[in-house]
Ligand SMILES: [Zn+2]
């Protein structure tokens, strides 16, 4: 059996190492300073697991489809924003259905855009209500409210209650993991981070994304990125020319998008 690198196992490993060092201290006079070693390894592992959502460190996360079919999925975070309908038009031209991980606060203000997305066959997911910089410090109770309020905004607009959740900044913590489980959401990561909020040149972004095309890939874009809006049409053309099909995330990952 392969032991998963997750929070529980990291804690168990730290406990085991501490017990061994404690025993050596008691019987052989070994310095307790040796405890610094497993402690440092534990801290590094937790930091890695928190920052990397695809590691499933705190909560089981889906981030890649099967690599046996030439299918990819596109995801757009942080909308809806005024630029979202223009993306919709480009996707429509290519018959591509994407997933939009919505910020609840924005979703509540623009139910009409959510209805357009839903009517066009795109999936709607939850990306917290406030997308706060300090979300990693929120209590489980407050995070559950973030998830519930966003679900409610999407449900009020479309009649659908989302199951898919993407953590802001891709950061998970024990509190967020608990909130995700209790609210019955599926945590979603990505395999290709476009960095489209950083890359300013559409040609550069297009090149990066075409090179990243791979069976089962999940692309992370943002509604808010003018760079993505400028290259999306060409990207979809090139993806199709290379034999890739854009499928909805639920199909790529074999998960239910709604409750
Ligand atoms: Zn985000």
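Derivation of every value follows stated rules applied to the coordinates shown; laboratory data play no part. What you are looking at is a predicted structure, and each value in this text was computed from that prediction instead of being measured. Here Cβ is always computed from backbone atoms with ideal geometry, including for glycine, and neighbour counts include all displayed protein chains.
In table form, for the structure just shown:
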| read-out | value |
| --- | --- |
| Cubic angstrom per residue, convex hull over Cα atoms of the chain | 145 Å³ |
| Spacing of the two label points (7 Å from each Cα toward its C-beta) at residue 152 and residue 241, in nm | 4.9 nm |
| Principal-axis tilt of helix 202-211 within the chain, Cα atoms, nearest 10 degrees | 60 degrees |
| Residues 8, 181 arranged by fewest to most Cβ contacts within 10 Å | 8, 181 |
| Hull shadow area, averaged, the stretch 7-51 [alpha-carbon convex hull, nm²] | 2.7 nm² |
| Full-stretch length increase - residue 211, residue 161 - with 0.36 nm per residue and alpha-carbon distance subtracted | 14.5 nm |
| Cα long-axis angle, helix 84-93 against the chain (0 to 90 degrees, to the nearest 10) | 70 degrees |
| Alpha-carbon centroids, the stretch 187-240 and the stretch 116-137: separation in whole Å | 19 Å |
